[in-house]
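Participant: What follows is a structure written as structure tokens; I'll ask about it next.
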């Protein structure tokens, strides 16, 4: 279970990105986060694993206070939180297998990993994860030779190497065409079915309504909606996205 | 009237501007001593012509010279019968208008049987007891050119002061080139020095890269921005870092000296036994402490690590000392392979000198994380009052240490007086000032430690970068002597700071996404750098290294002017000795090397990026 309690983030003492946001995610839920660009979705996701330091508030993951964790403990917590990104964030010049193995760094002996040595088990696991996302044959190809959809699969494989209990996905399909988008979303759906909590920010409401168990909406850093995706009707939509917004997709 | 007044002011302003420009240029031309009269002077033009002609005739090849000598007797003064002239032999001969002349008399020297166009030098050889004490005095200032028929005639004036009752000699000398051309001495020297130059640049670049890479990470804003601390921990770090450096230095020095005494002084067997002792200790600690609680395990880990380091230091110290002995020996005895002995000697010296430095470095950066590791979880738990006391305590220490170190450094430069006296007062002032800071600030106030380091390193780099290697080399030439080593050090130092800056800008330009992604997996900072930063910076680092190597080759060709060895040293010598033909060879060689390396590095850079 993930508890977000009164999280506030103020950038540079001036920009209010998140305003006192609270919600709870039970284990194994697929939670969609919607809202306009700049509404605080990315900030919220990054506050959960403290890639961004919240200004105030508390985040409690399975009883452990993430916000109070010291660096060593924070690293151990981060191992359990997978993350995939809109722009995939792969090291483009490295082979795919190295990108995937990077997901294992939190578990490996730092000294060995600095020399680029991973255990046999880790290697097998990396190939297994690549197999799972269907690109095992690309293991030794440089990441920049892959298409966007393939790169996002590498991103997923990397996150899975962490054996996460929770998966954060920051607009994972915003850079992909609709066909690829569904294939990526299906992987996330599978994870949810395996009991991994998925928190995914999304632009397209039809994706939200098709995959998410629950949706929350942010507007200017405020939580303006929390409920079932099917509850987002035209009226709610205009509340979230503003009066001029038109539904697409 | 109202309308014309602004335009009048504008005109006045323009006139003032023109006057100002004229004055600025007048002054500029005055101080730079521009003088168009000088280049027109005939004497200067002649000198320039000589230089340019010398440069246009590079001294590339030389021939074996056959010095053909033709003598004819002369009696000066003419106090007796003219000496008999030997009958003409085949080949060149000379004859005088008279073989018996007064001192200072003008005589005509005529020659025949020479080769058309060759140069004949005419000398007067005074009477000498034996051939060894013979000297040749020029009778004609320049060589006489032989005419088409193989003959010449030249009027010369006999020396007034070379008089003797004995028969003296008038000598004609022709230098004839024999055989095929061979590389001149100047060319051979140039080749040797060019090799020296290229390697000078190579070693300097290597040295620079080794140090510039780690420095570049510390000077990269995007990496350092995230390194933050709080007031108490920052003060603790400030206080602890010099202490750590000193401790590390002392411990490593002590261990190294301990190891060093066995080499040479005591039999090797005994030394080996002594070296085994810590190993035995290590093993016993391992065996006896298999069980125990966490604290005991931690203690054991520290003990074992400490022992391993100690054994390593002692071992390396012995190795270094042994290497020095062996290297010195091999340098003398290996003949053609003596460079290998030299290599062993250099590496051994690096070990011997490097061990205490390494200790200082480890101490500098090890004690700090240890303190931080203790303080980090501890601080949030402390009551505000205890936290404040701790902050003040560390601040007092930090202030005292910081001001003391600065005072000691200044004392070294300006020699104010006795070290302990000089340091005491600033240390107290620092302690008081920092205690004030600690009282004023919240102990948890975040401090951007990373940016602090960033600015310190950037300042140092910018300062040293503004000093040209040609200036640095003067200081190094004083320290290690004139020669390529001084050049290596000057170029190496400049390479560190210049490359450090270029590298760090590459780090600042990398994509942030992968860093974010790898951090999110729970990797620590070092792992993040290795997996997300380094793969991105390898190509630009190689490109900039080649670029710098290019610059270093160019710099190394002139570093000799400042005493840094290489071709520049030869060139400056040749110019000072007015040997323009040799200087010309040097310049051609420089041009070839610089141009070809320019081309090469451009090609390689094209390939990798």
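The values are calculated or read from the model by the stated rules, or taken from the named source; none is laboratory data. Quantities reported herein were computed from a predicted structural model and do not represent experimental measurements. Virtual Cβ from ideal backbone geometry, glycine too; neighbours counted across all protein chains shown.
Participant: Would you call residue A:203 away from chain B (no Cβ under 12 Å) and surrounded by 15 or more Cβ atoms within 10 Å (Cβ to Cβ)? Walk me through it before giving the result.
Facilitator: Values: away from chain B (no Cβ under 12 Å): yes; surrounded by 15 or more Cβ atoms within 10 Å (Cβ to Cβ): yes.
The answer is yes for residue A:203.
Participant: Among (1) surrounded by 18 or more Cβ atoms within 10 Å (Cβ to Cβ); (2) without any contact (Cβ under 8 Å) to a residue 24 or more places away in the chain; (3) away from chain A (no Cβ under 14 Å), which single condition is residue B:599 missing?
Facilitator: The failed condition is (1).
Participant: Looking only at the range B:499-557, count every residue that is more than 7 Å from chain A (Cβ to nearest Cβ), within 16 Å of residue B:608 (Cβ to Cβ) and touching a residue at least 24 places away in the same chain (Cβ under 8 Å) and tell me the total.
Facilitator: Pass one, the range B:499-557, residues more than 7 Å from chain A (Cβ to nearest Cβ): B:499-512, B:515, B:525, B:528-529, B:533-534, B:537-557.
So of that shortlist, the ones also within 16 Å of residue B:608 (Cβ to Cβ) come out as B:502-503, B:506, B:534, B:537-550.
If we keep only those that are touching a residue at least 24 places away in the same chain (Cβ under 8 Å) too, we end up with B:502-503, B:506, B:537, B:539-550.
Count: 16.
Participant: Also: Would you be able to say whether some residue in the range A:56-79 is part of a loop (DSSP other than H, G, I, E, B), surrounded by fewer than 17 Cβ atoms within 10 Å (Cβ to Cβ) and within 8 Å of chain B (Cβ to nearest Cβ)?
Facilitator: For the range A:56-79, residues part of a loop (DSSP other than H, G, I, E, B), surrounded by fewer than 17 Cβ atoms within 10 Å (Cβ to Cβ) and within 8 Å of chain B (Cβ to nearest Cβ): present.
Participant: Just to be sure before I move on: is residue B:496 part of a helix (DSSP H, G or I) and touching a helix residue (DSSP H, G or I) at 6+ places or on another chain (Cβ under 7 Å) in the structure I sent? Don't jump to the end; show me each part of the working.
Facilitator: Working: part of a helix (DSSP H, G or I): yes; touching a helix residue (DSSP H, G or I) at 6+ places or on another chain (Cβ under 7 Å): yes.
Here the answer is yes, as residue B:496 does meet what is asked.
Participant: Taking the range A:80-96 as the region of interest, how many residues are more than 7 Å from chain B (Cβ to nearest Cβ), surrounded by 24 or more Cβ atoms within 10 Å (Cβ to Cβ) and either assigned to a loop (DSSP other than H, G, I, E, B) or out of contact with any strand residue (DSSP E or B) (no Cβ under 6 Å at 6 or more places or on another chain) (or both)?
Facilitator: Number of matching residues: 2.
Participant: Among the residues in the range A:203-216, are any within 30 Å of residue B:519 (Cα to Cα), at pLDDT 90 or above and assigned to a loop (DSSP other than H, G, I, E, B)?
Facilitator: Yes.
Participant: Could you tell me which numbered condition residue A:249 fails, if it satisfies all but one of (1) at pLDDT 85 or above; (2) touching a helix residue (DSSP H, G or I) at 6+ places or on another chain (Cβ under 7 Å); (3) outside any helix (DSSP H, G or I)?
Facilitator: (1)
Participant: For the range A:2-25, does any single residue satisfy the condition of being more than 9 Å from chain B (Cβ to nearest Cβ), surrounded by 17 or more Cβ atoms within 10 Å (Cβ to Cβ), within 26 Å of residue A:149 (Cβ to Cβ) and within 19 Å of the chain's Cα centre (by Cα)?
Facilitator: For the range A:2-25, residues more than 9 Å from chain B (Cβ to nearest Cβ), surrounded by 17 or more Cβ atoms within 10 Å (Cβ to Cβ), within 26 Å of residue A:149 (Cβ to Cβ) and within 19 Å of the chain's Cα centre (by Cα): absent.
Participant: Here is a check on your reading of the model: is residue B:394 part of a helix (DSSP H, G or I) and either touching a helix residue (DSSP H, G or I) at 6+ places or on another chain (Cβ under 7 Å) or closer than 30 Å to residue B:437 by Cα (or both)?
Facilitator: In short, yes.
Participant: Out of the residues in the range B:40-64 that are surrounded by 12 or more Cβ atoms within 10 Å (Cβ to Cβ) and touching a strand residue (DSSP E or B) at 6+ places or on another chain (Cβ under 9 Å), which is nearest to residue B:96 (Cα to Cα)?
Facilitator: Among residues in the range B:40-64 that are surrounded by 12 or more Cβ atoms within 10 Å (Cβ to Cβ) and touching a strand residue (DSSP E or B) at 6+ places or on another chain (Cβ under 9 Å), the one nearest to residue B:96 (Cα to Cα) is B:63.
Participant: Of the conditions (1) away from chain B (no Cβ under 12 Å); (2) farther than 21 Å from residue A:28 by Cβ; (3) modelled with pLDDT of 90 or more, residue A:177 satisfies every one except a single condition; which number is it?
Facilitator: Result: residue A:177 fails condition (3) only.
Participant: Residues in the range A:39-47: is at least one more than 24 Å from residue B:525 (Cα to Cα), more than 10 Å from chain B (Cβ to nearest Cβ) and assigned to a helix (DSSP H, G or I)? Don't jump to the end; show me each part of the working.
Facilitator: The first filter runs over the range A:39-47 and keeps only residues more than 24 Å from residue B:525 (Cα to Cα), leaving A:39-41.
With more than 10 Å from chain B (Cβ to nearest Cβ) added as a condition, the list becomes A:39-41.
Filter once more, so that each one left must be assigned to a helix (DSSP H, G or I): A:41.
Checked the range A:39-47: at least one residue is more than 24 Å from residue B:525 (Cα to Cα), more than 10 Å from chain B (Cβ to nearest Cβ) and assigned to a helix (DSSP H, G or I).
Participant: Starting from residues that are over 21 Å from the mean Cα position of the chain (by Cα) and facing chain B (nearest Cβ under 7 Å), keep the ones in the range A:97-118 and report whichever is surrounded by the fewest Cβ atoms within 10 Å (Cβ to Cβ).
Facilitator: The first filter runs over the range A:97-118 and keeps only residues over 21 Å from the mean Cα position of the chain (by Cα), leaving A:108-118.
This time we only want the ones that are facing chain B (nearest Cβ under 7 Å), so: A:110, A:113-114.
Working: A:110: 14, A:113: 23, A:114: 16.
Filtering the range A:97-118 for residues that are over 21 Å from the mean Cα position of the chain (by Cα) and facing chain B (nearest Cβ under 7 Å), the one surrounded by the fewest Cβ atoms within 10 Å (Cβ to Cβ) comes out as A:110.
Participant: For the range A:208-240, enumerate the residues that are buried (at least 17 other Cβ atoms within 10 Å of the Cβ) and out of contact with any strand residue (DSSP E or B) (no Cβ under 8 Å at 6 or more places or on another chain).
Facilitator: Within the range A:208-240, A:219, A:237 meet the criteria.
Participant: Quick one: residue B:91 ticks every box in (1) outside the structural domain of residue B:178 (by TED's automatic domain parsing); (2) free of Cβ contacts under 8 Å to residues at least 60 places away in the same chain except a single one, so which number is it?
Facilitator: If we test residue B:91 against (1) outside the structural domain of residue B:178 (by TED's automatic domain parsing); (2) free of Cβ contacts under 8 Å to residues at least 60 places away in the same chain, just (1) comes out false.
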